[in-house]
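Working notes, structure below.
Values in this text are rule-based calculations from the coordinates and carry no lab data. On a predicted model such as this, the values are computed, not experimentally measured, just so you know. Virtual Cβ from ideal backbone geometry, glycine too; neighbours counted across all protein chains shown.
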Amino acid sequence: MIQKKVLLIVNPQAGKMKSKIGMFDIIHMLSSAGYTITAHCTRGPEDATHIVKNLAESHDMIICCGGDGTLNEVVCGLAPLEKRIPIGYIPAGSTNDFARTLNLPKKIKKAVKLISTGTPTYIDLGKLNDKPFTYIASFGAFTKASYETPQPLKNVFGHFAYLLGGIKHIIDIHPYEINLKSEELNIEGKFVFGAVTNTTSLGGVLKLDKNDVSLNDGQFEVLLVRNPENPIDLKDVLNGLLRHKYDARHVILFKTSHLEIEFNSPASWTVDGEFGGRHENVVIDNLHNFIQIINKN
């Protein structure tokens, strides 16, 4: 039997990887399942991207063990390559939004077992200007909390850490004047939050109805929250978000495969939980069925 060659990338700073024991368990299980393993621990930002670019094409599968940000780095390394290599994802981060959407096991050993017995599923990939993303690109209220919250705090408190981190950004919330263009809708106005998503879970707190979301339909869900000008507006905004009531007056939700947004001032973007740069103009495209994630037995 020909052994499959696996490139294993582990983020040792991820919430569930507090010791090397977990990594040894992963290697033991994969080796017992007949895989030949090349293992790397990331040493800093974008390290996973460089590892994938240099080594992926000589392997049959990439296994990413870390949070959604680590998965994004792996995808960024894969995106420019001609070979479409399946990804096995072991969610070991503090929030694991995308893993929730994929219904991946929370336990590391169960996730490894799924990878060794499962089959790949094609999903869409996003691209914000030149930056790939797997499940979300967002701007506005509280988005800084995802990449400015210290990793030790994330490891201890999980997604609650994002709420703690978000409190200090309340005073920074201000509306952006935007001009959004898409085939489905053209929108102008003041907005405090916007997200282009391919997930049902945002920050482990805000959720989209699973019936509204498909990971491989060639379209994103676009969520926009208008600037509440008074307490009644704020109540309607919160009600719309929590009860999935999108009335276009306060909260807008629509689908598209391509959109362009102009801002009145540079807006900070969050891409898969990490800083995605400051932009006055963005172009976002859906790359249909671009990557393969193992998530089915």
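Assorted remarks:
- Computed lengthening from LYS109 to ARG43, 0.36 nm per intervening residue step minus Cα-Cα distance: 21.4 nm
- Global form of segment 199-297, assessed from the alpha-carbon gyration tensor, a/c cut-off 1.5: oblate
- ³J(HN,Hα), Karplus 6.51/-1.76/1.60, whole Hz, each residue of segment 44-54, x for Gly, Pro: x, x, 6, 5, 4, 4, 5, 4, 5, 4, 7
- Cα convex hull volume per residue for segment 1-127 (Å³): 105
- Efficiency of FRET between LYS83 and ASN216 - r from beta-carbon atoms, R0 22 angstrom, step 0.05: 0.65
- Aspartates and glutamates with Cα under 17 Å of LYS53, excluding same-chain neighbours fewer than 8 positions away: GLU73, GLU82, ASP130
- Computed over segment 1-141: relative contact order in percent, which uses C-alpha pairs under 8 Å that are six or more apart: 25
- Environment charge of VAL283, counting only residues whose C-beta is closer than 9 Å and scoring Lys/Arg +1, Asp/Glu -1: -1
- Greater than 26 Å apart at Cα, pairs in LYS4/LYS127; LYS110/LYS210; LYS107/LYS131; LYS107/LYS207: LYS4/LYS127; LYS107/LYS131
- Other residues whose C-beta falls under 9 angstrom from the C-beta of ILE178 contribute a net charge of -2, scoring Lys and Arg +1 and Asp and Glu -1.
- The aspartates and glutamates within cross-link reach of LYS106, meaning a Cα-to-Cα straight distance under 18 Å and a gap of 8 or more places when in the same chain, are ASP25, ASP68, ASP97.
- Proximal aspartates and glutamates relative to LYS181, as straight alpha-carbon distance under 15 Å, when same-chain residues fewer than 8 apart are discounted: GLU221, GLU260, GLU262, GLU280, ASP285
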